[in-house]
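Visitor: Could you have a look at this structure, given as structure tokens, before my questions?
The values are calculated or read from the model by the stated rules, or taken from the named source; none is laboratory data. Everything numeric here is computed off the predicted structure, so don't read it as measured data. Methodologically, a virtual Cβ is constructed for each residue, glycine included, from the backbone with ideal geometry; neighbour enumeration extends over all protein chains shown.
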Amino acid sequence: MRLDKFICKSTELTRNEAKKLLKSGDVRVNGEVAKNAAMQVHENNTITVDGQALTPRTSRYFMLHKMVDSICSNVDEVYPSVLHFLDVDKAFDLHIAGRLDADTTGLVLITDDGRWSHNVISPKKDCSKTYRVWLRNAINDDKADELIAQFKQGLQLQGESSLTRPAILEKVTDDQVLLTITEGKYHQVKRMFAAVGNKVVGLHREQIGGIELGDLAPGQWRSLTEQEVALFDPTPNK
């Protein structure tokens, strides 16, 4: 993680206060003076302030049921950040692992562990995300198999040079489907259905990897279990 973030995670300093501390020359990384706030450090580095070693607090992991008209951002914009719903200390020091649009509801994962969230959002990790999708145009039974095959083969999205990765489409009702994808292109689900001549009128994320939203009510949150955290642990043998 960044050196200034490491300092914040090891002290009660704000990000701006950590940067001022770095400019003072009182911070050392492995015995060398460090002033670059963006310097990448790891837990095996020895980081000291005035000779006192810093030890970061344990990382935090949460899941939240995002409501409509809220945003996955660390700052408020037209709509409020989902971090307002978290009743924890220094909620805005956390970040969202896998964002949703303002009009999309469902499962959001929140943490301060950058390597963990990388395993959630990186396309190279093939992390599956399952969405319940409501459509403007009904899918007739005689067209369902053809549509399922199209999504499995990959779709050509407008402005993209390559097909989407194979996706799993399951019909629930004529105007409702479950879609599982393993990538996260901009507005991907909406663009996938636009590519086959349909329009998404409702979108809800139910699952990320092995973590399910379950019966968590809209606007509610909880800490992840050790088993859930381990699903994306970058150092499972530590």
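Visitor: Which residue out of Glu170, Glu160 is at pLDDT 95 or above and either among the acidic types (Asp, Glu) or not in a strand (DSSP E or B) (or both)?
Guide: Glu170 is the lone residue from the list that is at pLDDT 95 or above and either among the acidic types (Asp, Glu) or not in a strand (DSSP E or B) (or both).
Visitor: Another question, if that's okay. For the subset of segment 98-116 comprising residues that are over 22 Å from Leu3 (Cβ atoms) and among the small types (Gly, Ala, Ser), which member is modelled with the lowest pLDDT? Please lay out each step first, then the result.
Guide: Applying the first criterion (over 22 Å from Leu3 (Cβ atoms)) to segment 98-116 yields 98-110.
Right, trim to among the small types (Gly, Ala, Ser) and you get 98, 102, 106.
Working: Gly98: 86, Ala102: 95, Gly106: 98.
Residue satisfying both the conditions and the ranking: Gly98.
Visitor: Quick one: in segment 16-56, which of the residues that are free of Cβ contacts under 8 Å to residues at least 12 places away in the same chain and either part of a helix (DSSP H, G or I) or touching a helix residue (DSSP H, G or I) at 6+ places or on another chain (Cβ under 6 Å) (or both) is farthest from Ala91 (Cα to Cα)?
Guide: Lys20
Visitor: Is it the case, given these coordinates, that Lys143 is over 30 Å from Ala91 (Cα atoms) and without any contact (Cβ under 8 Å) to a residue 12 or more places away in the chain?
Guide: Considered against the rule, which asks whether it is over 30 Å from Ala91 (Cα atoms) and without any contact (Cβ under 8 Å) to a residue 12 or more places away in the chain, Lys143 comes out as yes.
Visitor: Going residue by residue through segment 68-77, is there one that turns out to be in contact with an Asp or Glu (Cβ under 6 Å, 6 or more places away or on another chain), without any contact (Cβ under 8 Å) to a residue 24 or more places away in the chain and more than 30 Å from Asp26 (Cβ to Cβ)?
Guide: no
Visitor: Are there any pairs with C-beta distances below 6 angstrom linking a residue in segment 166-185 that is closer than 12 Å to Ala138 by Cβ to a residue that is in a strand (DSSP E or B) and not hydrophobic (A, V, I, L, M, F, W, C), with the two at least 6 apart or on different chains, and if so which?
Guide: Cβ pairs passing all conditions: Val177/Lys171.
Visitor: Look at segment 85-97 and say how many of its residues are modelled with pLDDT under 90 and assigned to a loop (DSSP other than H, G, I, E, B).
Guide: Of all residues in segment 85-97, those modelled with pLDDT under 90 come to 89-90, 92-93.
If we keep only those that are assigned to a loop (DSSP other than H, G, I, E, B) too, we end up with 89-90.
Count: 2.
Visitor: Has segment 81-88 got any residue that is surrounded by 14 or more Cβ atoms within 10 Å (Cβ to Cβ), of a type in the set (D, E, K, R) and either more than 22 Å from Leu231 (Cα to Cα) or touching a strand residue (DSSP E or B) at 6+ places or on another chain (Cβ under 9 Å) (or both)?
Guide: No, there is no match, as no residue in segment 81-88 is surrounded by 14 or more Cβ atoms within 10 Å (Cβ to Cβ), of a type in the set (D, E, K, R) and either more than 22 Å from Leu231 (Cα to Cα) or touching a strand residue (DSSP E or B) at 6+ places or on another chain (Cβ under 9 Å) (or both).
Visitor: While we're here: Tally up the residues in segment 61-81 that are farther than 14 Å from Asp101 by Cα and either outside the structural domain of Trp116 (by TED's automatic domain parsing) or in a strand (DSSP E or B) (or both), please.
Guide: Here the count works out to 4.
Visitor: Taking Leu94, is it crowded, with 18+ Cβ neighbours inside 10 Å and touching a Cys at 6+ places or on another chain (Cβ under 8 Å)?
Guide: Values: crowded, with 18+ Cβ neighbours inside 10 Å: yes; touching a Cys at 6+ places or on another chain (Cβ under 8 Å): no.
No: the conditions fail for Leu94.
Visitor: Given the conditions (1) free of Cβ contacts under 8 Å to residues at least 40 places away in the same chain; (2) within 11 Å of the chain's Cα centre (by Cα); (3) under 21 Å from Val201 (Cβ atoms), which single one is not true for Leu100?
Guide: Every listed condition holds for Leu100 apart from (1).
Visitor: Pick out the one residue from Gly202, Gly209, Gly197, Gly214 that is within 30 Å of Leu157 (Cα to Cα) and loosely packed, with under 12 Cβ neighbours inside 10 Å.
Guide: Matching residue, one of Gly202, Gly209, Gly197, Gly214: Gly197.
Visitor: Among the candidates Asp26, Asp76, Asp4, Asp50, single out the residue that is of a type outside the set (Ser, Thr, Tyr), within 25 Å of the chain's Cα centre (by Cα) and surrounded by fewer than 16 Cβ atoms within 10 Å (Cβ to Cβ).
Guide: One residue alone meets the criteria, Asp76.
Visitor: Within segment 141-154, identify whether any single residue is part of a loop (DSSP other than H, G, I, E, B), farther than 20 Å from Lys124 by Cα and modelled with pLDDT under 95, and answer yes or no.
Guide: No, there is no match, as no residue in segment 141-154 is part of a loop (DSSP other than H, G, I, E, B), farther than 20 Å from Lys124 by Cα and modelled with pLDDT under 95.
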